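Visitor: Have a look at the structure that comes next, please.
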Amino acid sequence: GESVGLHLPTLSVQEGDNSIINCAYSNSASDYFIWYKQESGKGPQFIIDIRSNMDKRQGQRVTVLLNKTVKHLSLQIAATQPGDSAVYFCAALSYNTDKLIFGTGTRLQVFP
Amino acid sequence: SAVISQKPSRDICQRGTSLTIQCQVDSQVTMMFWYRQQPGQSLTLIATANQGSEATYESGFVIDKFPISRPNLTFSTLTVSNMSPEDSSIYLCSVQLNRNEQFFGPGTRLTVL
């Protein structure tokens, strides 16, 4: 079946360092990918997205990289701050469905 | 964007009872979704609720257990029926403004004793 998975359940980084969160997907029909941030007690919040015809997209302090060959994407957070502490999910949309399939999530912990 | 509110924000219920969760959006949207997020887990889609049609349920979810209403373009309810402790989860509604814009409510944290 279709799946979107993450490599690491928890990532601990020091404040100011860069963070890299990885995600793998299995459905070749996936053509749109989104990263969400979920803070405790809140719903997922959109961070950045990327279409399958791109391999890189940058936002403010965040970059998403997509490698369609190996069905892998990553979220890079530059100069990680305490406010970045949250669970991060990747999600994928396929061109034949409007249903978002979520990955398992990575908890990012930022320590001083 | 869309502002989404859910009621209740949390509840503690006895097994065998039912709880109805409300989702209100600040704009008219066609596509709404209900998700379940079990403790420490990711989000799993329960059903798609489009106004004017019956909800479409994902594998493993049935209407008798999770009846959904969608009376208009700004409101939906999800009922968790005949609850058991395994139903303890966060239930989230979301709306899709465009294919690449899906926003989530704050969630309803349900604990079943």
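Visitor: Of the conditions (1) within 14 Å of chain A (Cβ to nearest Cβ); (2) crowded, with 18+ Cβ neighbours inside 10 Å, B:Asn98 clears all except one; give me its number.
Guide: Every condition holds for B:Asn98 apart from (2).
Visitor: Something else: If you go through the range A:54-79, how many residues are assigned to a loop (DSSP other than H, G, I, E, B) and within 13 Å of chain B (Cβ to nearest Cβ)?
Guide: 1
Visitor: Do we find a residue being in contact with a Gly (Cβ under 8 Å, 6 or more places away or on another chain), at pLDDT 95 or above and more than 26 Å from B:Ala47 (Cα to Cα) anywhere in the range A:67-80?
Guide: Looking for residues that are in contact with a Gly (Cβ under 8 Å, 6 or more places away or on another chain), at pLDDT 95 or above and more than 26 Å from B:Ala47 (Cα to Cα), one finds at least one in the range A:67-80, hence yes.
Visitor: Every residue in the range A:82-112 that is open to solvent by 60 Å² or more (accessible area, probe 1.4 Å) and more than 11 Å from chain B (Cβ to nearest Cβ), please.
Guide: A:Pro82, A:Asn96, A:Gln109, A:Phe111, A:Pro112
Visitor: Another question about this same structure. Restricting to the range B:51-64, count the residues that are charged (D, E, K, R) and open to solvent by less than 50 Å² (accessible area, probe 1.4 Å).
Guide: 1
Visitor: Conditions first: (1) within 27 Å of A:Tyr95 (Cα to Cα); (2) more than 9 Å from every other protein chain (Cβ to nearest Cβ); (3) at pLDDT below 95. B:Phe61 passes all but one, so which condition is the exception?
Guide: So B:Phe61 meets the others, but not (3).
Visitor: Further question: Does B:Gln6 satisfy the criteria of being part of a loop (DSSP other than H, G, I, E, B) and within 14 Å of another protein chain (Cβ to nearest Cβ)?
Guide: Criteria not met by B:Gln6.
Visitor: On to the next question. Counting only residues that are within 13 Å of another protein chain (Cβ to nearest Cβ) and at pLDDT below 95, which one in the range B:13-32 is nearest to B:Ser89 (Cα to Cα)?
Guide: By that ranking, first place goes to B:Met32.
Visitor: When you scan the range A:60-81, how many residues do you find that are without any contact (Cβ under 8 Å) to a residue 24 or more places away in the chain, more than 17 Å from A:Ser30 (Cα to Cα) and surrounded by fewer than 12 Cβ atoms within 10 Å (Cβ to Cβ)?
Guide: Count: 1.
Visitor: Right, here's the next one. Would you mention how many residues in the range A:50-59 are open to solvent by less than 60 Å² (accessible area, probe 1.4 Å) and under 14 Å from the mean Cα position of the chain (by Cα)?
Guide: Number of matching residues: 2.
Visitor: Just to be sure, is B:Ala47 away from chain A (no Cβ under 11 Å) and either closer than 23 Å to A:Tyr36 by Cβ or free of Cβ contacts under 8 Å to residues at least 24 places away in the same chain (or both)?
Guide: Against the criterion (away from chain A (no Cβ under 11 Å) and either closer than 23 Å to A:Tyr36 by Cβ or free of Cβ contacts under 8 Å to residues at least 24 places away in the same chain (or both)), B:Ala47 does not qualify.
Visitor: Checking the condition buried (at least 16 other Cβ atoms within 10 Å of the Cβ) and among the basic types (Lys, Arg), which residue from B:Arg10, B:Arg15, B:Arg70 passes?
Guide: Being buried (at least 16 other Cβ atoms within 10 Å of the Cβ) and among the basic types (Lys, Arg) holds for just one of B:Arg10, B:Arg15, B:Arg70, which is B:Arg70.
Visitor: Of everything in the range A:17-49 that's part of a strand (DSSP E or B) and open to solvent by 50 Å² or more (accessible area, probe 1.4 Å), which residue is farthest from the other protein chains (Cβ to nearest Cβ)?
Guide: A:Ile20
Visitor: Can you find a residue that is within 28 Å of A:Asn96 (Cα to Cα), open to solvent by 40 Å² or more (accessible area, probe 1.4 Å), at pLDDT 95 or above and out of contact with any helix residue (DSSP H, G or I) (no Cβ under 8 Å at 6 or more places or on another chain) anywhere in the range B:74-95?
Guide: Scanning the range B:74-95 turns up at least one residue that is within 28 Å of A:Asn96 (Cα to Cα), open to solvent by 40 Å² or more (accessible area, probe 1.4 Å), at pLDDT 95 or above and out of contact with any helix residue (DSSP H, G or I) (no Cβ under 8 Å at 6 or more places or on another chain).
The values are calculated or read from the model by the stated rules, or taken from the named source; none is laboratory data. None of the values given here were measured: they were computed from a predicted structure. No Cβ is skipped: glycine too gets one built from the backbone with ideal geometry, and neighbour counts run over all protein chains shown. Each accessible area value is taken on the protein alone, full model and side chains, heavy atoms only, with ligands, DNA and RNA left out. Shrake-Rupley method; radii C 1.70, N 1.55, O 1.52, S 1.80 Å.
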